[in-house]
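Asks: Encoded as structure tokens, here's the structure I'll be asking about.
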Amino acid sequence: MSGLIDEVLVGLVLAISLVYAIFSLGPRTLRRRLLAAAAAPLLRLPGLRGLARRLQTATATAKGSCGGCGDCGSSAPAQTTSASGAAPAAEISVSVAAIGKRRRGKGAAQPD
């Protein structure tokens, strides 16, 4: 009997890990569908309606395919500004004179 319980527990743990892997690594649309499918039967049970409402809320707030804002490219990208309030330049240039040379000290490795 103990062997049967062990096998059932190992099978249960494997099933839970498989569901977790699919849920976290799978497509985000799958996550939304799984949450909706889990919430539907829980709405019928009187003691678990609060849990079903939380699952429905998670379904509504699940991110888009990229995991970003959920806009899916319907708006223009946001323009970030620097600390001074000006828009950042398209390219950053650093003069060669401003780049310091590495100092070779006693602890620095010498090339052969």
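The values are calculated or read from the model by the stated rules, or taken from the named source; none is laboratory data. Only a predicted model underlies this, so the values are computations on that prediction, with no experimental measurement involved. Every residue, glycine among them, receives a Cβ derived from its backbone with ideal geometry; neighbour counts consider all protein chains shown.
Asks: If you scan the range 1-27, which residues turn out to be of a type outside the set (A, V, I, L, M) and either touching a Gly at 6+ places or on another chain (Cβ under 8 Å) or at pLDDT 85 or above (or both)?
Replies: So in the range 1-27, the residues of a type outside the set (A, V, I, L, M) come out as 2-3, 6-7, 11, 17, 20, 23-24, 26-27.
If the condition is that a residue be of a type outside the set (A, V, I, L, M) and either touching a Gly at 6+ places or on another chain (Cβ under 8 Å) or at pLDDT 85 or above (or both), then S2, G3, D6, E7, G11, S17, Y20 are the ones that fit.
Asks: Now for a separate question. Just to check your reading of the model, which residue among R53, R31 is at pLDDT 80 or above and surrounded by 12 or more Cβ atoms within 10 Å (Cβ to Cβ)?
Replies: On the way: R31 fails: at pLDDT 80 or above.
Just one listed residue meets the conditions, R53.
Asks: Any residue in the range 103-112 that is modelled with pLDDT under 80, of a type in the set (D, E) and more than 31 Å from the chain's Cα centre (by Cα)?
Replies: Yes, the conditions are met somewhere in the range 103-112.
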